[in-house]
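Data block below; observations after.
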Amino acid sequence: MTIPKIPGAEAFLLATFAVAFVAAAFDWRTKRIPNVLTIGGILLAFPLHAWLSPSVTGYQSAALGCLACAVPPAVGWRLGWVAGGDVKLLAAMGALGGISFGLEAVFLALFCASGFIFLRLCWNGVLLRTAANGMAVAATRTFYASKPSRVVRAVPEFSSELRFGPFALAGATMSLFLHGAFL
């Protein structure tokens, strides 16, 4: 059984990679991801999909990719866990890559970031304390939500900033290699 070829797949993968590459460079140097890059990537995705796969499914793939990659991090942004530029970057990657390639690149980026966080916590020797603190915070917020005096607060030393741009680049690069775009 062969996998059907998606028209313009290499272009979608390369566009996702290009946006992730530029975003990683900006995020690494300035801790900011420019709106011109993220919003521009989202707006560029629709004509790109219309040009390379000229049917309604091209638009649908871009819109669904944008939504599927942006909604979960947007909830995290609303809770204060994720920066807004990261949410817009993931939305741009989802829109440019479509529902299949964009979602794959975003999943791989999140996988790389979570692996890095796990290794950093292990290296610093605070993995078990961080996990216990997280469970205590979640449990008290669940069971004692009506009694604010009994709610356990998160320990700030167990949390830190994480620049997500390089992980987005890692996810887009792995997606390129998985689909043989460099071969």
Enter the Cα centre distance for the pair the stretch 36-85 and the stretch 12-28, rounded to the nearest angstrom. 14 Å
Cβ-based exposure ranking for Glu161, Glu10, in which fewest neighbours within 10 Å come first: Glu161, Glu10
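With only Lys, Arg, Asp and Glu charged, each at its Cβ (+1 for the first two, -1 for the last two), find how big the charge dipole of the stretch 9-178 is about the Cα centre; round to the nearest 20 debye. All intermediate terms of the calculation are to be shown ahead of the outcome.
Working: 12 positive and 6 negative charges, 160 e Å.
It comes to approximately 780 debye.
Every read-out reported here was derived from the displayed coordinates using simple, explicitly stated rules and does not represent laboratory data. Just so we're clear, the structure is a prediction, and the values are computed from it rather than from any experiment. Because the Cβ atoms are built from the backbone with ideal geometry, glycine has one as well, and the counts that use them run over all protein chains shown.
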